[in-house]
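The structure appears below as structure tokens.
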Amino acid sequence: MLPFETPTIFDQLPRYIYYIPRVVLNQRAKFETDELFKKCARESEVRFTGFRDRPREERNFRFMSGLREGHTELAYVSHGTNLQLDFAPRSNNYASDYCDFDREHGKVHIQSSFIMNGVCVRWRGWIDLDRLEGNGCLEFDADRAKIEDEILKRQIENHTERMRESDSKRFLRDRVEGETSIAYHPA
């Protein structure tokens, strides 16, 4: 009987770990030229999209519960782009992501940073607590973009270094194999 996990030919191959980059190389250029970002960067009407099949009172309750937990789902009315926002559950002057009930009566102001299509962005806007509608827009998040660019550069450097090491090992192995085949080849 064979063991549960038998070794395969793939176990003998060298292992290269490739990390998929979280961001693109030139984030600002993509933010300024991409049509989706252009649409989302305009101040536009947004709506809460969760629990659409539920009665209005339950939707309001679930919206408020989600805000207290630090998340919500919104959609741009004009072009239908859906966003899942995460933020600090309580308003905090030191945090870049927040949910603030105190700024205006009957409205909640939300700010949430995330990576969308390889670009660091920040959604900023407000939602009316009764109608579950409001306004908001995307902005380029330059501070987080710098951090992610540094991570991307390190990933590229590590990958390049591993490829150089792999190539040099392969070169040495081929050279040693070539010398041994010449030395032991009967004439």
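The residue pairs whose first member lies in the range 61-74 and is at positive phi, whose second member is of a type in the set (Phe, Trp, Tyr), and whose beta carbons are closer than 8 Å, counting only pairs six or more residues apart or on different chains, are Gly70/Phe87. For Tyr19, the conditions (1) within 19 Å of Cys120 (Cβ to Cβ); (2) modelled with pLDDT of 90 or more are fulfilled apart from (2). Counting only strands (runs of 3 or more DSSP E) that fall entirely inside the range 47-142 and contain at least 3 residues that are surrounded by fewer than 18 Cβ atoms within 10 Å (Cβ to Cβ) and modelled with pLDDT under 90, no element qualifies.
For Lys30, are the conditions met, namely being farther than 23 Å from Val108 by Cβ, outside any loop (DSSP other than H, G, I, E, B), modelled with pLDDT of 90 or more and in contact with a strand residue (DSSP E or B) (Cβ under 8 Å, 6 or more places away or on another chain)? When the stated conditions are applied, Lys30 passes them.
The values are calculated or read from the model by the stated rules, or taken from the named source; none is laboratory data. No experiment lies behind these values; they were computed from the predicted model shown. So basically every Cβ, Gly included, is an ideal-geometry build from the backbone, and we count neighbours across all protein chains shown.
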